[in-house]
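Heads up: the structure comes next, in structure tokens.
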Amino acid sequence: MKDKIIWITGASSGIGEALVHELAAQGARLVLSARNEKELQRVATATGLGERDIFVLALDLEKPAEMTGKAAQVMNHFGRIDILVNNGGLSQRSLAKDTSWEVDQRLLNVNTIGTIALTKAVLPYFLRQKQGRFITITSLVGKFGSPMRSGYSAAKHALHGFFDSLRAEVEKDGVAVTLVCPGFVQTNVSVNAVTGDGSAQNTMDDATAHGITAQYCAQGIIKAINRNKREVYIGGKETYGVLIKRFLPNLFANMIGKAKVT
């Protein structure tokens, strides 16, 4: 990772913040993005990196029209981008029947449309460089559906479709795609998750509280980069759901409805 220019969205907390510290320790030069610039500055200061090696750039994934300009700012600052980590996102804790379509739309806008817009803004630079890597943090529910996550799961499934297609198009041009599917991770993802009316849940799920640490997840992401993985699952026993659904779909269907997901 030494001297790589790595742009991380959702860098103000959780997996993104943990990834910032792991990469900074390995000598990467970083771009930190999220909506909350104050929190980004806090994370940047904590790394101990100087202005030459870290750039704070506030960004809102719900404003896709701004992504081309944001990418240009990064290029103007560093001159290149080696890796884009699409980590920013928004989760959900509500039944489909209780969730307004406006909430579903917001989940898609943040998790899918904003991520695709930023990816398309960076892609021309990667193609010009003939190298680059997209790391997109999806979720295990990007591989299988789960109760209380209908809109979120739809958004994450969409990312798999887009980035699998993109990979097939650009690998020959030196551009790589890695899809990272975490399970339960000890972050504020459940606290910030939207409920059926769009308000935040504001409580920590037991499953999230007992998940893997954000640092462990970040270390797994870096291993996936170093090993040139196209797709990786990081978590506890919940990761076995991918295999069970693939090979024993009826058993999985019976299990998932009873699973503890909050």
_Computed label-point distance, nm, for sites residue 210 and residue 26 using a 7 Å Cα→Cβ extension_ = 3.1 nm
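Local charge sum around residue 100 (other residues, Cβ-Cβ under 15 Å, Lys/Arg +1, Asp/Glu -1)?
On the way: positive: 93, 97, 106; negative: 98, 102, 104, 197.
Summing Lys/Arg as +1 and Asp/Glu as -1 gives -1.
Looking at the chain, which longest stretch skips every one of the GluC sites (Glu not before Pro) that is in a DSSP loop with at most 14 other Cβ atoms within 10 Å, leaving the sites themselves out?
63-262
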*Label residue 2 and residue 100 with points 7 Å out from Cα along Cα→Cβ: what is the distance between them in nm?*
5.4 nm
*Given H placed 1.01 Å from N in the peptide plane, which residues other than close sequence neighbours of residue 59 have an amide H under 5 Å from its amide H?*
34, 35
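In whole percent, what relative contact order does the chain give with Cα contacts below 8 Å and a gap of six or more residues? Write out the running numbers ahead of the final one.
Details: 505 pairs, mean separation 48.9, N = 262.
Worked out over the chain, it gives 19 percent.
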*For the stretch 133-181, just say rounded, prolate or oblate: build the C-alpha gyration tensor, square-root its eigenvalues into a ≥ b ≥ c, call rounded for a/c under 1.5, and beyond that prolate if a/b exceeds b/c, oblate if not.*
prolate
*Pull up the cross-link candidates among the aspartates and glutamates for residue 4, meaning alpha carbon to alpha carbon under 16 Å and not fewer than 8 places away within one chain.*
22, 51, 53, 82
_Exceeding the 30 Å Cα-Cα cut-off - candidates 120/245; 143/223; 120/143; 63/143_ = 120/245
*Between residue 219 and residue 203, what is the label-to-label distance in nm when each label sits 7 Å out along the Cα-to-Cβ direction?*
3.3 nm
*Got a sec? How would 149, 35 order by Cβ neighbour count within 10 Å, fewest to most?*
35, 149
*In sequence order, what are the phi-derived ³J(HN,Hα) couplings for the stretch 221-238 according to the Karplus relation 6.51 cos²θ - 1.76 cosθ + 1.60 with θ = phi - 60°, rounded to whole Hz, with x for glycine and proline?*
5, 5, 4, 5, 5, 5, 9, 6, 6, 8, 8, 8, 10, 10, x, x, 5, 5
*asked:* Tell me the relative contact order for the stretch 158-209 as a rounded percent, counting alpha carbon contacts under 8 Å between residues six or more apart.
replied: 26 percent
*Using modelled backbone amide H atoms (1.01 Å from N, in-plane), which distant-in-sequence or interchain residues come within less than 5 Å of residue 90's amide H?*
111
*For residue 143, distant residues with modelled amide H under 5 Å away*: none
_Need the C-alpha centroid separation for the stretch 21-92 versus the stretch 111-190, integer Å._
17 Å
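All of the numbers you see were taken from the coordinates with simple rules; none came from a lab. Keep in mind the model is a prediction, meaning the values are calculated, not measured. Neighbour counts are summed over all protein chains in view; Cβ atoms, including those assigned to glycine, are modelled from backbone coordinates with ideal geometry.
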